[in-house]
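One structure is given below, encoded as structure tokens.
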Amino acid sequence: MKKKTEFLLRALIGTLVAAVAICSAVFLHYATTGLAFAPLPIQFNVKPGSSLRSAAQQMEQAGVLRDFAGFVLMARLLGEAGNIKAGNYEIQEPVSPYRLLQKVTAGEVAQASVTFVEGWTFKQIRKALDEHPSITHRTSELSDTDILERLGIAETSPEGLFFPDTYHFSIGNSDLYVLRHAYRLMQSHLNAQWEKRSPKVPLASPYQALILASIVEKETGRAEDRPLVAAVFVNRLRKGMLLQADPTVIYGLGDSFDGNLRKRDLVTDTPYNTYTRSGLPPTPIAMPGLASLAVTLNPPDSNALYFVARGDGTSYFSRTLGEHERAVTKYQKSGKR
């Protein structure tokens, strides 16, 4: 009897060991065998607040998993049930269920990017966002005023409020998400430069600095001329002279501008015509970059009050009207300032 009991016990232990070995082999095979997908790359979304089961079902619906139950069991056995991260994911090459689990627990979300260029207007920003295939479009049907309200921005115009940079985001993030980051970055740079401003700069607020920096941005043909361009405009403001900046006139013309700035445009009064109105225009005319912000608030010492384009991207700077008129005659028939 004793021998029979020992035999049965050994048989039971052997059976259990074999079962564990078989289960382990099955588990290992499942966890490490490449998943079969539709043509790669394939994208899927895990919604915020999703449980492990819900996330696995979402992956099954997207064609990432054939049977979500096996994935759920694997995640629980490995202690990862509560570590699933929401987001948009992309699979670019074959992966195993275990690698997929690593991906969604580490939050390796798919990334995209959009670039806002120095000197762009808000209209150009909106176009870039509207045409981006990886962005969720929430602003397409909104007015500029509506967008400012959604972002909680008090200004009445969005022009110049967003910093020119390349923004990386998870695929599926909204255009409002990108704009919010661009606005915060502009405020950060603007406030930092304002704190370091020269006491000689005749500007009353960071917003005025943003306006003038946008003009400097649009008037700068080559980076090496940027400091003197800023100095000219600061000198003119200090002396109460008209800015006479062509880009502000062009901005005021809006969609009616056909690429050719005429003499009649310079004498037609608009809020942005700095040939007919003194001081700064009411809003920025574009996005200034960090270099334009910096030199606007700390321009070099200079007596220059005029400049004219040479035709090669650079500008010739003058201290007197006579010198400027001679430069205009030399470099172009009708010039700026």
For the chain, what are the DSSP H helices with axial Cα length of 18 Å or more and mean Kyte-Doolittle hydropathy of at least 0.0?
2-32, 206-219, 226-239
By average Cβ neighbour count within 10 Å, what is the ranking of 135-143, 315-323, 208-216, 276-284 from highest down?
208-216, 276-284, 315-323, 135-143
Based on the alpha-carbon set only, what is the convex hull volume of the chain divided per residue, in Å³?
193
Most mobile of G87, G240, G172 in a GNM of the chain (Cα contacts under 10 Å)
G240
Projected onto the charge dipole of the chain (unit charges on the beta-carbon of Lys, Arg, Asp and Glu, signs +1, +1, -1, -1), the Cα from L237, L293, G79 with the largest positive-side position is that of G79
Calculate for the chain the 222 nm mean residue ellipticity that helices alone would give, adding -39,500 (n - 2.57) per DSSP H run of length 4 or more and normalising by residue count, nearest 500 deg cm²/dmol.
-14500 deg cm²/dmol
Under a point-charge model restricted to the Cβ atoms of Lys and Arg (+1) and Asp and Glu (-1), what is the dipole moment magnitude of the chain relative to its Cα centre, in debye to the nearest 20?
700
If each residue of separation counts as 0.36 nm, what is the full-extension length gain between A106 and I250 once their alpha-carbon separation is subtracted?
46.9 nm
Surface accessible to a 1.4 Å probe, T314 within the full protein complex, Å²
20
Give me the number: length gained by fully extending R184 to R264, i.e. 0.36 nm times residue separation minus the C-alpha to C-alpha distance, one decimal in nm.
24.9 nm
Testing the spin-label approximation: label points 7 Å from Cα along Cα→Cβ at A69 and K330. State their distance in nm.
8.7
Per the 1.4 Å probe, what fraction of the accessible area of the chain, in percent, lies on carbon and sulfur atoms?
53
Can you give the FRET efficiency for L40 and K127, using 1/(1 + (r/R0)^6), R0 = 35 Å, r = Cβ-Cβ distance, to the nearest 0.05?
0.70
By how many nm would the segment from R53 to L142 lengthen if fully extended, with 0.36 nm per residue of separation less the alpha-carbon distance?
28.4 nm
Ordering D146, D255 from largest to smallest accessible area (1.4 angstrom probe), what's the sequence?
D255, D146
Put a dot 7 Å past each Cα toward the Cβ at E80 and T166; how far apart are the dots in nm?
3.0
Determine the per residue accessible area of the chain with all protein chains present and a 1.4 angstrom probe, expressed in square angstrom.
53
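The values are calculated or read from the model by the stated rules, or taken from the named source; none is laboratory data. Note that this is a predicted model, so its numbers are computed, not measured. Neighbour counts are summed over all protein chains in view; Cβ atoms, including those assigned to glycine, are modelled from backbone coordinates with ideal geometry. Protein only, heavy atoms only, side chains kept; ligands, DNA and RNA dropped before computing areas. Shrake-Rupley method; radii C 1.70, N 1.55, O 1.52, S 1.80 Å.
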